[in-house]
Amino acid sequence: MTEFINIGFGNLINAGKIVAVVCPEAAPVKRLVQKAKESGRVIDATQGRKTKAVIVTEEDHVILSALQPETISRRFLAGREAAWKGEEDE
């Protein structure tokens, strides 16, 4: 079963494809985002707001979110916990 995470403003991503969720302030992350923009691999899900998290996927897409990395992490862990409880109930 595919699990999705809400990354803000009704945007959902496949949780199983996430490699990293990082803060956009570091210089290497800024370079990563710039290179991804140049090659057309950026998905901007910020709705014009400030980018607070950069999500890297298995397919080398870079997703920009206006949510804090901690918020995305909590949502990811909450989804995993719910899935584990569902498996225990079976």
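When the stretch 24-42 is filtered for residues that are part of a helix (DSSP H, G or I) and either closer than 24 Å to residue 78 by Cβ or of a type in the set (S, T, N, Q) (or both), only 34 remains. Among the residues making up the stretch 68-79, those that are open to solvent by 40 Å² or more (accessible area, probe 1.4 Å) and either within 18 Å of residue 27 (Cα to Cα) or not acidic (Asp, Glu) (or both) are 68, 73, 74, 75, 76, 77, 78. Selection within the stretch 2-23: residues that are among the polar types (S, T, N, Q) and either farther than 14 Å from residue 77 by Cα or surrounded by fewer than 14 Cβ atoms within 10 Å (Cβ to Cβ) (or both). The member of this set that is modelled with the lowest pLDDT is 2.
Report yes if some residue within the stretch 71-81 is assigned to a helix (DSSP H, G or I), free of Cβ contacts under 8 Å to residues at least 60 places away in the same chain and in contact with a strand residue (DSSP E or B) (Cβ under 7 Å, 6 or more places away or on another chain); otherwise report no. Yes, the conditions are met somewhere in the stretch 71-81. It is to be established whether one or more residues within the stretch 43-57 are of a type outside the set (S, T, N, Q), part of a loop (DSSP other than H, G, I, E, B), open to solvent by 100 Å² or more (accessible area, probe 1.4 Å) and at pLDDT 95 or above. For the stretch 43-57, residues of a type outside the set (S, T, N, Q), part of a loop (DSSP other than H, G, I, E, B), open to solvent by 100 Å² or more (accessible area, probe 1.4 Å) and at pLDDT 95 or above: present.
The values are calculated or read from the model by the stated rules, or taken from the named source; none is laboratory data. Computed from a predicted model, the values in this text were never measured in an experiment. Every residue, glycine as well, gets a Cβ built from its backbone with ideal geometry; the counts of neighbours run over all protein chains shown. Heads up: the accessible areas ignore ligands, DNA and RNA and are worked out on the full protein's heavy atoms, side chains in. Shrake-Rupley method; radii C 1.70, N 1.55, O 1.52, S 1.80 Å.
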